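Participant: Okay, here's the structure, questions in a sec.
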Amino acid sequence: MAMVVKNNMSALSTLNTLNKNTNALSKSLQKVSSGMKINSAADDASGYAISERMRVQIRSLDQANSNAQNGSSMMKVAEGAVSSTVEILKTLKEKAVNAANDTNTDADHATIQKEMDQSIDQINDNANVTFNGQYLVDGSKNKKTNATTTAMTNQSLSTATASNAKLTDLAARNGDSLNIHSTDTVTVSYVKDGKTVTSSMQVGTETLDNVIKTLTGSNITITSATSHIGVDGSSNSVNTASGESAITISSKASGVDGQIAGFTMYITDNKGNVNKSANAALDAFDESIRAQNKSTDNSIVMQIGTKAGQSINVGLTDMKATALGLQGKDGATLSVGNQENANAAINVLDSAISKALDQQTTIGAIESRLEYTQSNLTTASENVTAAESTIRDADMAKEMTEYTKNNVLMQAAQSMLAQANQSSSNVLSLLQ
């Protein structure tokens with residue numbers, strides 16, 4: 001190579017190598033200090049984009065998990081309130097059974113009534129429980145529903161029972177006659193708007209529909225045996241649990257104000273003795289459709305996924321004493337003031353317990369589902385984090401090896417640049 005002084009090509013070439021080594025060392029330092037092999041889009045454009053999308057997914061999964069945990073906490077508050085109501089109803093059933101025993105005096109009945117009134121008031125307090133300022137089981141979080149009427153179905157009478165069948169012709173499910181005689185007395189009791197209504201008449205040649213119409217003042221209607229009971233609040237067809245035909249009674253008016261509770265029908269002979277076999281069949285009207293007011297969709301929506309619409313909708317029904325049939329809109333409470341009223345109250349409380357347990361089951365099922373959801377979200381977050389780590393996290397052993405290499409190369413380049421800068425001075429020896 002010719003000896004020149006204007007352009008020191010060896011020094012320029014060494015400087016270029018030094019700059020490359022310096023950049024490489026800088027990147028190695030950044031990777032080692034951050035623990036990531038991709039620190040910006042310049043390091044790996046496609047890898048950076050994929051990693052960022054995964055990070056969005058991870059944060060969304062973690063937030064969905066948090067949502068599920070908060071939802072579970074909300075359901076636990078609701079369950080606590082309903083559980084307390086169930087316990088109160090158990091006690092009230094016990095008190096009603098006690099009050100139905102004629103060993104109690106009028107004063108005893110009055111004492112039991114006071115206790116029941118306080119317990120019913122506590123049920124209303126339970127229904128007003130809140131979570132983060134939101135009422136849960138007061139009916140304000142119900143799903144969309146149309147106004148429905150109370151329907152009670154009897155699956156203990158013969159499947160061929162017609163609404164116009166004579167009482168004396170009634171038979172049990174197995175076809176055995178109920179042995180009701182024309183000289184017997186039929187009594188009907190029910191609770192409407194918190195008030196107990198009880199009426200009696202001689203059996204004679206009366207039919208079922210006429211007895212119910214007469215003794216309830218047309219507040220209750222009856223339909224002949226059929227497996228189809230009616231349409232619920234969501235316009236879904238409701239059938240008997242067994243799929244067999246059964247007679248159904250319904251309240252005339254719809255909504256909570258029109259509901260009936262604790263329908264009781266029993267037979268006594270002309271000496272006042274009860275017909276146990278007949279009463280066992282006649283006193284088997286179980287609520288098949290619950291009376292509800294018309295409502296828009298106010299159900300609780302829990303966002304438990306990373307995409308729109310990945311949610312759980314929870315509808316919580318009304319757990320106030322009025323909705324359970326224990327209290328009227330005027331404040332009148334279920335009466336156990338005498339043996340007859342207490343007897344009617346027993347069926348009312350059975351129905352209320354059934355409603356409360358149904359709500360408790362719904363809440364429990366949601367809690368169980370949320371536990372599975374949390375587990376699933378946690379697993380998903382872990383797996384996506386592992387995948388993102390593969391793309392973006394640095395192999396520290398490898399990066400330290402690379403850093404050491406780049407550090408040595410930079411120092412070597414610095415030393416060689418010093419040598420190259422000295423080569424131009426050799427030209428001066430020719431000029432002496």
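Participant: Restricting to segment 48-96, name every residue that is small (Gly, Ala, Ser) and within 29 Å of Asn383 (Cβ to Cβ).
Facilitator: Across segment 48-96, the qualifying residues are Ala49, Ser51, Ser60, Ala64, Ser66, Ala68, Gly71, Ser72, Ser73.
Participant: Can you confirm whether Lys398 is at pLDDT below 95, part of a helix (DSSP H, G or I) and buried (at least 18 other Cβ atoms within 10 Å of the Cβ)?
Facilitator: no
Participant: Follow-up question, since we're still on this one. Looking at Ser66 and the list (1) under 26 Å from the mean Cα position of the chain (by Cα); (2) surrounded by 15 or more Cβ atoms within 10 Å (Cβ to Cβ), which single condition is not satisfied?
Facilitator: Unmet for Ser66, out of (1) under 26 Å from the mean Cα position of the chain (by Cα); (2) surrounded by 15 or more Cβ atoms within 10 Å (Cβ to Cβ): (2).
Participant: Can you tell me which residue in segment 143-198 is nearest to the chain's Cα centre (by Cα), limited to those that are at positive phi and among the small types (Gly, Ala, Ser)?
Facilitator: This residue is Gly194.
Participant: Follow-up question, since we're still on this one. Just to check your reading of the model, which residue among Thr183, Thr168, Thr159 is hydroxyl-bearing (Ser, Thr, Tyr) and in a helix (DSSP H, G or I)?
Facilitator: Being hydroxyl-bearing (Ser, Thr, Tyr) and in a helix (DSSP H, G or I) holds for just one of Thr183, Thr168, Thr159, which is Thr168.
Participant: Just give me the residues in segment 125-156 being part of a loop (DSSP other than H, G, I, E, B), in contact (Cβ under 8 Å) with a residue 40 or more places away in the chain and of a type outside the set (S, T, N, Q), in sequence order.
Facilitator: Within segment 125-156, Val129, Leu136, Val137, Gly139, Lys141, Lys143, Lys144, Ala147 meet the criteria.
Participant: Is it true that Leu357 is surrounded by fewer than 17 Cβ atoms within 10 Å (Cβ to Cβ), not in a loop (DSSP other than H, G, I, E, B) and not polar (S, T, N, Q)?
Facilitator: yes
The values are calculated or read from the model by the stated rules, or taken from the named source; none is laboratory data. Please read these numbers as outputs of a predicted model, since none were measured by experiment. Cβ: placed from backbone, ideal geometry, glycine included. Neighbour counts: every protein chain shown.
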